[in-house]
Number of protein chains: 2
Amino acid sequence: MQAVNIANKFSQFTEQWQPKRIATVNDYDVRIAKIEGEFVWHSHEDTDEMFLVVKGSMKILLRDGEVSLNEGEVYVVPRGVEHKPVADRECQILLIEPTDVVNTGTAGGERTATVETL
Amino acid sequence: MQAVNIANKFSQFTEQWQPKRIATVNDYDVRIAKIEGEFVWHSHEDTDEMFLVVKGSMKILLRDGEVSLNEGEVYVVPRGVEHKPVADRECQILLIEPTDVVNTGTAGGERTATVETL
């Protein structure tokens, strides 16, 4: 019975845009990821998606605006809403979403990643 | 469209053991609470409960051990498992759990709180 140290988990990988599962809550994942640059426009038709910035800063571009997130800030992208995460410099984020969520949503493509458990 | 700043939300209240909803993800709440001292032994029969320490440190006592959590650490109490959160000094925590979860679980009693949206 031991707590999960988020910083320690981040120290265990370097790849970007590859979410890692660090815990589960019922059928939801707690995922972490390192991101830098631009991701693809996509949406998740069946679920909201929570972003929490652990370190650094990022933006979530939406078709009708954008949301800036700094360390310690949360934003929930509503289900069905197209979004594009971007980060000028490497940013560490924590995500809460159902375990079956694919990172690229309905867009698919080469950035689609398998979520490993860390 | 604006991010939720967790520190800012914590600055808006002083009461302890009174979870506040700062966001929702589908039918799950993102709650924050200030805790100090000992809570009651309780369990949630139908759901896991995620604890993340935002500031300070706490312990989660279990019938067969205990888990220490420092800042930036996560622990998920499995459904049905009796637990008792304690904190020597005031600690700020973030919780992820279904919106219908009552803080005292099946134990009930005077520490049962209504979850306000902040």
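For chain A, what does the helix formula give at 222 nm: sum of -39500 (n - 2.57) over DSSP H segments with n ≥ 4, over the residue count, nearest 500 deg cm²/dmol? Don't skip to the answer; put the middle values down first.
Working: 1 runs with 5 residues, N = 118.
After summing the helix terms and dividing by residue count, I get -1000 deg cm²/dmol.
What are the nm distances, shortest first, from B:Gly108 to its equivalents in the other copies, labels at 7 Å along Cα→Cβ?
Label point to label point, same position, other copies: 5.3 nm.
State the Cα centre-to-centre distance between the range A:47-72 and the range B:27-91 in whole Å.
Distance between centres, Cα-based: 27 Å.
Just to verify a number: FRET efficiency for A:Asn5 and A:Glu110, C-beta to C-beta distance, R0 = 25 Å, to 0.05?
That gives a FRET efficiency of 0.20.
Over the Cα atoms, compute the radius of gyration (one decimal) and Dmax (the largest Cα-Cα distance, rounded to a whole number) for chain B, in Å.
Here Rg and the maximum Cα pair distance are 13.3, 45 Å.
Filter the cross-link list B:Lys34/B:Lys59; A:Lys9/B:Lys34; A:Lys55/B:Lys20; B:Lys20/B:Lys55; B:Lys34/B:Lys84 down to pairs whose alpha-carbon distance in this structure exceeds 20 Å. Don't jump to the answer; show the numbers that get you there.
Details: B:Lys34/B:Lys59 14 Å; A:Lys9/B:Lys34 26 Å; A:Lys55/B:Lys20 24 Å; B:Lys20/B:Lys55 16 Å; B:Lys34/B:Lys84 15 Å.
A:Lys9/B:Lys34; A:Lys55/B:Lys20, as the Cα separations exceed 20 Å there.
Using a label point 7 Å beyond Cα on the Cα-Cβ vector, give me the inter-copy distances for A:Arg89 in nanometres, one decimal, shortest first.
Label-point separations across copies, in nm and ascending: 3.0.
So how strong a dipole does the range B:1-85 carry about its Cα centre when Lys and Arg Cβ are +1 and Asp and Glu Cβ are -1, to the nearest 20 debye?
Around 360 debye, computed over the range B:1-85.
Counting other beta carbons within 10 Å of each residue's own, what order do A:Val77, B:Val115 fall into, fewest first?
B:Val115, A:Val77
Work out the charge dipole of chain A with +1 on the Cβ of Lys and Arg and -1 on the Cβ of Asp and Glu about the Cα centre, then indicate which of A:Gly108, A:Leu118, A:Val74 is farthest towards its positive end.
A:Leu118
For the protein assembly as shown, what is the Kirkwood estimate of the hydrodynamic radius, computed as the reciprocal of the mean inverse distance between distinct Cα atoms, to one decimal in Å?
Over the protein assembly as shown, the inverse of the mean reciprocal pair distance is 18.1 Å.
Every number here is computed from the coordinates shown, using simple stated rules; none is lab data. Given the structure is predicted, the values throughout are model-derived calculations rather than measurements. With ideal geometry, Cβ positions are generated from the backbone for all residues, glycine too; neighbour counts draw on all protein chains shown.
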